[in-house]
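Written out below as structure tokens is the structure these notes cover.
The values are calculated or read from the model by the stated rules, or taken from the named source; none is laboratory data. On a predicted model such as this, the values are computed, not experimentally measured, just so you know. Cβ: placed from backbone, ideal geometry, glycine included. Neighbour counts: every protein chain shown. Heads up: the accessible areas ignore ligands, DNA and RNA and are worked out on the full protein's heavy atoms, side chains in. Shrake-Rupley method; radii C 1.70, N 1.55, O 1.52, S 1.80 Å.
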Amino acid sequence: MTQMLQRPTVNGQELSRVESLPKWVRMPVVETGRPFQLLGALLYTAVRKPIGYWRDTVDEMYGMFRFCFLPVLLAVGGFTFLIGNLAYGTLTLAGAQNRVGTYFVLADVREIAPFCTGMAVAGVMGTAMCADLGSRKIREELDAMQVLGIEVNRTLVLPRVLAVTAMMVAFNFISMLLGISMAVSASAITGNTAAGSVFSVFFAVLTPYDLVAAVIKTAVVGLFIGTVCAQKGLNAKGGAQGVGQAVNQAVVQCFVAIWVVNFVINTSLLGLFPEILINR
């Protein structure tokens, strides 16, 4: 009975419970746990000594603004203008053209703005972060920094994760403003509906719950993008090919996470506050 309860061993060393699991079970558990392990380490070092990294965070935010501003504008602007024209044409058939404002609260504020912003940030800044850390890893720069007594997580990772999180929230508000601008363009420029009626309906339907949920959603997505991309870069191996694989895996995981976080928070928001579904 004792031998049956013993864990498997490799070269005389007993494997842990996770290592003893089948590969198809072990790999998802490990891939899910590593980003949370890095996130715990970042939170610990940030709270333990909450000074010394804010200047680097501001610099990273400025760099991220330069890199991501145009991609976010193109992604959100093009997509919202397209669906704005589609929504306006559909609502015109029903004789409710001014209800484009209602549609854009449901579509832009709750769905399109956070989703497109997250995809653009993950595809631009997330890949750049992962590639940079991965290149430093295979060149053994990170090992050299550790030998010199420099904490890699605090010096390189923490400012970038904070910058991604903060800029995701800021970019989301820019995306929402751009979305309602596209709604007005579709209604007042290409259509014959007054811009004032679109704005009045939009702000009548928009609630503080929508804005709070948008902040929470984009902050969670930004935190996940920064943590996952940093974790993949820090664990890259195998030369340039390994860095490319790490970037590809990070982007795929971020895209999936954006869908999941968006669905969970929207579902929770509608379940907790069903009154926001009222068309005013």
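Of interest is the spacing of the C-alpha centroids, which for the stretch 142-200 and the stretch 50-124 amounts to 8 Å.
Counting pairwise Cα distances across the chain, what percent come out greater than 35 angstrom? The partial results should precede the final answer.
Details: 12207 of 39060 pairs.
More than 35 Å apart: 31 percent of the Cα pairs in the chain.
Amide H to amide H, with H built 1.01 Å from N, Gly191 comes under 5 Å of no residue 5 or more places away or on another chain. The value given for the stretch 68-108 is a Kirkwood hydrodynamic radius of 10.8 Å, derived from the mean inverse Cα-Cα separation.
Using the Cα gyration tensor of the stretch 120-160, with a ≥ b ≥ c the square roots of its eigenvalues, what is the shape: rounded (a/c below 1.5), prolate (a/b larger than b/c) or oblate (neither)? Note, shape of the stretch 120-160 comes out oblate.
Unpaired Cys in the chain, meaning no second Cys C-beta under 4.7 Å: Cys68, Cys116, Cys254. Looking at the chain, the accessible area is 53 square angstrom per residue; that uses a 1.4 Å probe and ignores ligands, DNA and RNA.
From its DSSP helices (H runs of at least four residues, each -39,500 (n - 2.57)), the chain gives a residue-normalised ellipticity at 222 nm of -24500 deg cm²/dmol. In this simple spin-label approximation, Gln245 and Trp54 carry label points 7 Å from Cα along the Cα→Cβ vector, and these lie 4.2 nm apart.
Span-like helices, the chain: DSSP H, alpha-carbon axial extent 27 Å or more, mean Kyte-Doolittle 0.5 or greater, which ones? Intermediate results must be reported in sequence, preceding the final value.
Working: long enough: 23-48 (37 Å, 0.32); 54-93 (54 Å, 0.87); 158-184 (40 Å, 1.82); 208-234 (39 Å, 1.24); 239-272 (49 Å, 1.20).
Taking the DSSP H segments of the chain (at least 27 Å long, mean hydropathy at least 0.5), we get 54-93, 158-184, 208-234, 239-272.
Below 8 Å between Cα atoms, with a sequence gap of 6+, how large is the relative contact order for the chain in percent? Mind dumping the intermediate values first?
Details: 335 pairs, mean separation 76.9, N = 280.
Computed value for the chain: 27 percent relative contact order.
Surface composition of the chain: carbon and sulfur atoms hold 67% of the protein heavy-atom accessible area at a 1.4 Å probe.
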